[in-house]
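Engineer: Structure incoming, see below.
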Amino acid sequence: MTKKFWDMKRRNILWLCLLIGSIVTLLLLPRLGTAQDRGPVYVIDGDLQDSRGEPVEGAEIKLMLPGEEETIAEAESQKNGQFELIFGEEHLRSLAGATVAIERPHFRSVTYILTSEDVDDLQMDGFFVLPAQEGGLQRRITPAFWIAGLIFISVLLIIATERLHNVLAVMAGVAAVLFVSYFGRLLSPDLFIFNFERALDFIDWEVIFLVMGMMIVIAVIERTGIFQWVAYQAYRISRGRAWLLALILMIFTGIASAMLDNVTTMLLMTPITIQIALGLNLNPLPLLLPQVWASNVAGISTLIGTPTNILIGSYADISFSDFMINLTPGVIMAMTVLILYVLIVYWKDLKGPTATLTPELQARLQENARIRQPEALRKALIIGAFMMLMFLFGEALHLVPAVTAVVGATALLIWIRPNIEEMIEAVDWTTLVFFMMLFIMVGAIEEVGLIGGIAELIGDLVGTNLTLAMILIVWLGAIISGLIDNIPFAAAMLPVVGYLSSQIPGAAESKALFYALSVGAAFGGNGTLIGASANLVTAGISERAGFPITYGTFLRRGFPAMIVTAAAGTVWLLIRF
């Protein structure tokens, strides 16, 4: 009975294989016949670049016979600027004098007339490489150029003046760009900026998934109470000495900001710091401001420490370990200078006699500082250690940080089994939307050539001098990041720094200019209240507690802090590169 059953099963499998084979053959025969009927094919290929040597994507290339408007082959240039025009033998004899037309919004149209010699080469080799345009495809300054630039500057001004929420400001900018693109081109093709499909191409999804994964991991760690426990231990170690408490909080905040991110760190540490300060009869600001400065400075030690590093790392392919090796010594120098600055500036506020908490407040802080979920914390630390190893050594496996973040977050959720809806709600979707809209907004000014123009202008200024370029980028970043949020500044500067790196000898290999951008953008965030997101988060919580941090207050203390730390960062970059 068993042998008969297996014989029947084998026959059924055999018939099934024959059936699948027949279906596949029937599907492929028409295609094979068509390929045979067409005979040999010929290819005209090429490589499109702009005046800066960057590949031109999305150009339409058409091959038209002489004296005719009929298109016999067409293609679109890919991300690397390459294209292929493929056509059959029936067009070969009449190809002499044919036109290859290249069109791309925001570029001058180009035509190439095929000669009889070109056709002979094509017939002999089966392919012909279109000669590169001398000087590359040339940009056109159209009304779209000025409109996109005006919209971008308007968005930055709205963010700087806080007329609208950052996300709403950037969303309004994207909506304006798309509105002009779709409705403006009905009046004139020169009003077209880009379409929706092209806009989505500018979103760096690696950044989005990296941030999302880390937010989930942080949400799990936050619920364990570890931050409250560490803050209370800082008070115990300091024994009420305010100056020592300030230094301990700065150091811990810096380390936490490097491992997590500075916004989340300040979101968790600010309420605890205010409680301890009030218990010691201290103004919380001499503790809070040094903390947020330390957060912005120390965050650049790792890929995930600041939003600007995440953007830079993804764009320039800088790994977790690369940031640690190349920037950590500079961060230590900057933190040392910052600690000295804080002791000098706030010594009168922090040198008072040793104070102790009231028994009631100490009991409340001690209760709040209890580790609420020790088992979840143990598992989170194990997964976190695994993720750190993958961040450090995943490059050898071509493992991008976004994969590590998503895999680590998923493993942690499966292992701990928290309320999944609460975890998804813990993700800061506002920040993710801000990143996506910002990518599109920066993409708009890159599309029309504004960023390319800025890159060429800076390139003419610094020439091939790497030292001058590093100093310029650090201090340009430090000053401008104080005027606007450092995230949109860093995003807009990435293509500029990429172009400069390709032009200056040694810059592309060392990626020194990208590290200079990291230092300038992050340290510059300490210059003003609106310079970094962590500043605004801290100010918001402090104001709700009755201790507002005004723009002027932050500027008076923060701008000198930015100067001394940026100077230390510059010195390190010059030593390192």
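Engineer: Look through I300, I312, I276, I318 and report the one residue that is part of a loop (DSSP other than H, G, I, E, B) and open to solvent by less than 10 Å² (accessible area, probe 1.4 Å).
Structural biologist: Selected residue: I318, the only one of I300, I312, I276, I318 that is part of a loop (DSSP other than H, G, I, E, B) and open to solvent by less than 10 Å² (accessible area, probe 1.4 Å).
Engineer: List the number of the failed condition for N281; all other conditions in (1) part of a loop (DSSP other than H, G, I, E, B); (2) at negative phi; (3) at pLDDT below 85 hold.
Structural biologist: Just one mismatch for N281, condition (2).
Engineer: For I424, work out the one condition from (1) of a type outside the set (K, R); (2) outside any helix (DSSP H, G or I); (3) modelled with pLDDT under 85 it doesn't fulfil.
Structural biologist: (2)
Engineer: Need pairs with beta-carbon distance below 8 Å; first residue under 17 Å from T142 (Cα atoms) and within the range 103-122, second part of a loop (DSSP other than H, G, I, E, B) and of a type in the set (D, E); sequence gap 6+ or separate chains.
Structural biologist: Within 8 Å, no pair qualifies.
Engineer: For the range 543-557, check the following and say yes or no: at least one residue is among the charged types (D, E, K, R), at pLDDT 90 or above and on the phi > 0 side of the Ramachandran plot.
Structural biologist: no
Engineer: One residue is enough: does the range 527-538 have a residue meeting the conditions more than 16 Å from L338 (Cβ to Cβ) and either free of Cβ contacts under 8 Å to residues at least 24 places away in the same chain or of a type in the set (D, E, K, R) (or both)?
Structural biologist: Yes, the range 527-538 contains at least one residue that is more than 16 Å from L338 (Cβ to Cβ) and either free of Cβ contacts under 8 Å to residues at least 24 places away in the same chain or of a type in the set (D, E, K, R) (or both).
Engineer: Then there is this: Go through L377, L365 for me and flag whichever is in a helix (DSSP H, G or I), at pLDDT below 80, open to solvent by less than 100 Å² (accessible area, probe 1.4 Å) and in contact with a helix residue (DSSP H, G or I) (Cβ under 8 Å, 6 or more places away or on another chain).
Structural biologist: Within the list L377, L365, the selection yields L365.
Engineer: (1) at pLDDT below 90; (2) within 16 Å of the chain's Cα centre (by Cα); (3) open to solvent by less than 50 Å² (accessible area, probe 1.4 Å): which one isn't true of E446, the others all being true?
Structural biologist: The failed condition is (3).
Engineer: Restricting the search to the range 449-465, which residues are part of a helix (DSSP H, G or I), touching a helix residue (DSSP H, G or I) at 6+ places or on another chain (Cβ under 8 Å) and open to solvent by 30 Å² or more (accessible area, probe 1.4 Å)?
Structural biologist: Of everything in the range 449-465, those that are part of a helix (DSSP H, G or I), touching a helix residue (DSSP H, G or I) at 6+ places or on another chain (Cβ under 8 Å) and open to solvent by 30 Å² or more (accessible area, probe 1.4 Å) turn out to be L450, I454, E456, L461.
Engineer: So, one more: Quick check on this structure: which one of A234, A219, A148 is touching a helix residue (DSSP H, G or I) at 6+ places or on another chain (Cβ under 8 Å), closer than 19 Å to L450 by Cβ and among the small types (G, A, S)?
Structural biologist: Only one candidate passes the filter, namely A148.
Engineer: Inspect all residues belonging to the range 90-108 and state whether any of them is in contact with a Ser or Thr (Cβ under 6 Å, 6 or more places away or on another chain), open to solvent by 20 Å² or more (accessible area, probe 1.4 Å), part of a loop (DSSP other than H, G, I, E, B) and more than 23 Å from G173 (Cα to Cα).
Structural biologist: yes
Engineer: Pull up the range 140-195, narrow it to residues that are part of a helix (DSSP H, G or I) and among the polar types (S, T, N, Q), then point me to the one that is most open to solvent (accessible area, probe 1.4 Å).
Structural biologist: By that ranking, first place goes to T161.
Engineer: Take the conditions outside any helix (DSSP H, G or I) and open to solvent by less than 10 Å² (accessible area, probe 1.4 Å) and apply them to G254. Does it pass?
Structural biologist: no
Engineer: Among what's in the range 466-506 and is buried (at least 23 other Cβ atoms within 10 Å of the Cβ) and of a type in the set (G, A, S), pick the residue that is nearest to the chain's Cα centre (by Cα).
Structural biologist: Step by step, filter the range 466-506, then rank; the result is A491.
Engineer: If G135 satisfies all but one of (1) in contact (Cβ under 8 Å) with a residue 60 or more places away in the chain; (2) surrounded by 13 or more Cβ atoms within 10 Å (Cβ to Cβ), what's the number of the condition it fails?
Structural biologist: For G135, the failing item is (2).
Engineer: Follow-up question, since we're still on this one. Could you run through the range 231-251 and say how many residues are open to solvent by 30 Å² or more (accessible area, probe 1.4 Å) and either under 16 Å from M423 (Cβ atoms) or without any contact (Cβ under 8 Å) to a residue 40 or more places away in the chain (or both)?
Structural biologist: 4
The values are calculated or read from the model by the stated rules, or taken from the named source; none is laboratory data. All figures in this text were calculated on a predicted structure; none of them were measured in a lab. In this analysis, Cβ positions are derived from the backbone assuming ideal geometry, glycine residues included, and neighbour counts consider all displayed protein chains. The accessibility values were calculated without ligands, DNA or RNA, using every heavy atom of the protein model including side chains. Shrake-Rupley method; radii C 1.70, N 1.55, O 1.52, S 1.80 Å.
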